[in-house]
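Below is one structure; the comments refer to it alone.
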Amino acid sequence: MSASIIDGKAIAARIHAELRQRSASFFQAHGRSPGLAVVLVGDDPASTVYVKKKRDACAAVGIRSFSTSLPATCPPQELLEQIARLNEDNAVDGILIQLPLPPQFDTEQIIEAISVTKDVDGFHPYNIGRLALRAPLLRSCTPAGIMTLLAETGISPKGMEAVIVGASNIVGRPMALELLLAGATVTVCHRFTQDLEAHVRRAQLLVAAVGKPGLIRGEWIRPGAVVIDVGINRLPDGRLSGDVDFAGASARAAWITPVPGGVGPLTVATLLSNTLDAAERRVG
Ligand code: GUN
């Protein structure tokens, strides 16, 4: 078997076209563009690239982006004050604090300072709690983007044996909630999981979100599985690689996401869509 590729770039491009229209209608109705504030603390190279991608994507769909760069040595109080200003700013509908933050920050304290109605990353405990209770206000971007990828590919997780590798607050945990809501039987593997291979071998739907290139070996993949690779790892030779051995997994899976061009574009598209949802809710 040779897996079909889930083309995240093409699916995101279709979503961007819809978002351009929604932004234009919003502008006509309210005399301003929807606004997203993007805050970068420090100069981590990967974060700098991601923030630029998000700002470029805003420009492409007619969302105004407001960007703040703070030095890596910034005292936490300064970031909290900036968040308070953005919470009050009527031109700002969404606030994104790029993670990870430098070590002097308490990430949870920072996330909790963001107004829940502007939490377009969907990381605030209120929004995660709403997701757990089946009524999300704003959903975490990568897990929600993966649900869109599955829906657009005609894959329903209902009744599937789903295995998530990685239990981060950004991907693994909210992904488990999304798949549970969608009717999958969900297993979450993490650093203390004893026999990762045995869990992966059972997976009809596998989501790998760890950040270790090649952690998931091709021969572990259940024949006919759907493989979603969230890892973006820079190899010593400069190439990007996911967490899954792509060539080996492609020989067994039915569907697989490439890296790059799989999940990443959907994370950005969901961020933009969340910003429009937040903007429409604020004025509505
Ligand atoms: N760092 C890695 N992924 C993300 C994300 O989706 N949002 C933010 N804010 N930071 C991240």
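Side notes on the structure shown:
- Backbone HN-Hα couplings from phi across the range 164-177 [Karplus 6.51/-1.76/1.60, Hz, Gly and Pro as x]: 10, 10, x, 10, 6, 5, 7, 10, x, 5, x, 5, 4, 5
- Normalised contact order of the chain, rounded percent, pairs of Cα under 8 Å and 6 or more residues apart: 23 percent
- Prolate/oblate/rounded call for the range 1-130, Cα gyration tensor, a/c under 1.5 rounded: oblate
- A convex hull fitted around the alpha carbon atoms of the chain yields 127 Å³ per residue.
- Protein accessible area in the range 66-147, 1.4 Å probe - carbon and sulfur %: 54 percent
- Its Cα centre serving as origin, the chain has a Cβ charge dipole (Lys and Arg +1, Asp and Glu -1) of approximately 640 debye.
- Chain lengthening between residue 135 and residue 14 when straightened (0.36 nm per residue, less Cα-Cα): 41.0 nm
- Straight Cα distances below 23 angstrom link residue 54 to the lysines 9, 118, with same-chain residues fewer than 8 positions distant left out.
- Peptides 37-50, 71-84 ranked from most to least packed by the mean count of surrounding Cβ atoms within 10 Å: 37-50, 71-84.
- Spin-label model, residue 190/residue 2: points 7 Å from Cα along the beta carbon direction are separated by 4.0 nm.
- Shown is the FRET efficiency for residue 198 and residue 233, computed with R0 = 25 Å from the Cβ-Cβ distance and rounded to the nearest 0.05: 0.55.
- With R₀ set to 35 Å, the beta-carbon distance separating residue 90 from residue 60 gives a calculated FRET efficiency near 0.90.
- Taking every DSSP bridge with both residues inside the chain, close to 5 percent are antiparallel.
- For peptides 55-62, 139-146, sequence by mean Cβ density within 10 Å, most packed first: 139-146, 55-62
- Net +/- balance of residues flanking residue 222 in space, Cβ distance below 9 Å, scoring K and R +1, D and E -1: +2
- Full-extension gain in nm, residue 283 to residue 69, via 0.36 nm per residue minus C-alpha separation: 74.2 nm
- Debye log10 I(q)/I(0) at q = 0.11, 0.12, 0.19 Å⁻¹ for the range 191-284, Cα point scatterers: -0.39, -0.45, -0.85
- Projected label points at residue 30 and residue 212, each 7 Å from Cα along the beta carbon direction, are separated by 4.4 nanometres.
- Dividing the helix sum by the residues of the chain, where each DSSP H run of 4 or more adds -39500 (n - 2.57), gives a mean residue ellipticity at 222 nm of -13500 deg cm²/dmol.
- Rg to Rh, two decimals, where the range 75-204 supplies the alpha carbon set and Rh follows Kirkwood: 1.04
The values are calculated or read from the model by the stated rules, or taken from the named source; none is laboratory data. Please read all numbers here as calculations on a predicted model, not as lab measurements. Glycine also receives a Cβ, built like all others from the backbone with ideal geometry; neighbour counts cover every protein chain displayed. Each accessible area value is taken on the protein alone, full model and side chains, heavy atoms only, with ligands, DNA and RNA left out. Shrake-Rupley method; radii C 1.70, N 1.55, O 1.52, S 1.80 Å.
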